[in-house]
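Below: the structure, in structure tokens.
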Amino acid sequence: MPDKHPDKNSKVLITGGSGLVGRYLTSVLLAEGFKVSHLSRKQDQFGRVRVYRWDPARHIIDPLIFEGIDYIIHLAGANIGEKRWTQKRKKEIINSRVESARLFFKIIEDNRIRLKAFISASATGYYGQVTSDKIFNEDDLSAEDFLGNTCRLWEDTADKFKNIGIRTVKIRTAVVLEKNESALGRLLLPASLGIFPRLGNGRQYMPWIHIKDLCNIYLKAMLDEKMEGAYNAAAPHHVSYHYFMKTLAQVIKKPFFHPPVPALVLRTLMGEMSDLVLKGSRISPDKIIKAGYQFTFDNLHDALREIISSGN
């Protein structure tokens, strides 16, 4: 394979590498010639990378892991949609993102390890779970709800690396589209039966991004030394939940049966977590576009068609 980047021999350490984004991103980086390793609490191993065990909850990690590392991409974090948001679960969601980063920040600072960049996941939940006419951009303040506070703490921890002179980038990610393990994957089963449920009033916005675009944004964040701070990773095509479901029906060529699921029912079943599906606003990608990124999938119909047809 021809050289694609002068940094192709650089070493990248990914936390959360066994997760959805981590696996796709690992494949992209390996294809570009980077040397990739993972930090994982699990025995699962992504065959082509070295996996180091760690236990951030118990502050267990081998400092030697960081020797020779050029980039850290911090994706680790408990799945926000996996369990009901009890107080215990909220603490797990925050700690899995914040305490883990604090742990290896201390090691990097104490051992004066020089990174080319620290790149942290974040989420468009930074702006809160609201539905409004506002289009949010990176200059807006974090919301005071649970997701807003979680993302703010997450990003504040990332900024510790900036404060010791390491270039730091924070990727505020929208709903990631891929076929198997994403929100889209969960919608495909009822969709295959011709059922496209309307959650709440259906007018909430659904910011989204194709998995390939997200991975390419991470790649750009690594290689573009001008990138610093927060960037929204959301496609420029703003859509409502209703539009999303209607487009999905068109792509898989099913009649659009759109039975209502009242907000009250969802709140009873899901509690506060129901805000994930009942609320949503538009998110501006202008900053990443101005930084020179060109979306491969900037239109929802094209993104869904590629995912459904290719299996990505």
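A few remarks follow.
- Rg over Rh [alpha-carbon atoms, Kirkwood Rh] for region 95-193: 1.08
- Beta bridges per DSSP with both ends in region 131-262, % antiparallel, nearest 5: 10 percent
- For region 57-206, with +1 on Lys and Arg beta carbons and -1 on Asp and Glu, the positive-most of Gly202, Thr86, Ala183 along the dipole: Thr86
- Each eigenvalue of the Cα gyration tensor of the chain, multiplied by 5 and square-rooted, gives one semi-axis; in descending order these are 32, 22, 19 Å.
- Rg/Rh (Cα only; Kirkwood hydrodynamic radius) as it applies to region 136-270: 1.04
- Shape call, region 203-312: gyration tensor on alpha carbons, a/c limit 1.5: oblate
- Membrane-span-like helices in the chain, defined here as complete DSSP H runs extending at least 30 Å along the helix axis by their C-alpha atoms with mean Kyte-Doolittle hydropathy no lower than 0.5, are absent; this is a sequence and geometry rule, not a statement about a membrane.
- Here's the picture: charge each Lys and Arg Cβ at +1 and each Asp and Glu Cβ at -1 in region 90-219, and of Phe136, Ile164, Ile107 the one pushed furthest to the positive end of that dipole is Ile107.
- With a threshold of 27 Å on the Cα-Cα distance, the over-threshold entries among Lys106/Lys170; Lys90/Lys279; Lys35/Lys90; Lys170/Lys279; Lys212/Lys253 are Lys35/Lys90.
- In a reduced charge model with +1 at each Lys and Arg Cβ and -1 at each Asp and Glu Cβ, the chain shows a dipole moment near 680 debye about its Cα centre.
The numbers here are math on the coordinates, done by the rules we state, and not lab data. All of these numbers come straight from a predicted model, not from anything done at the bench. Don't worry about glycine lacking a Cβ; one is built from the backbone with ideal geometry, like all the others, and counts go over all protein chains shown.
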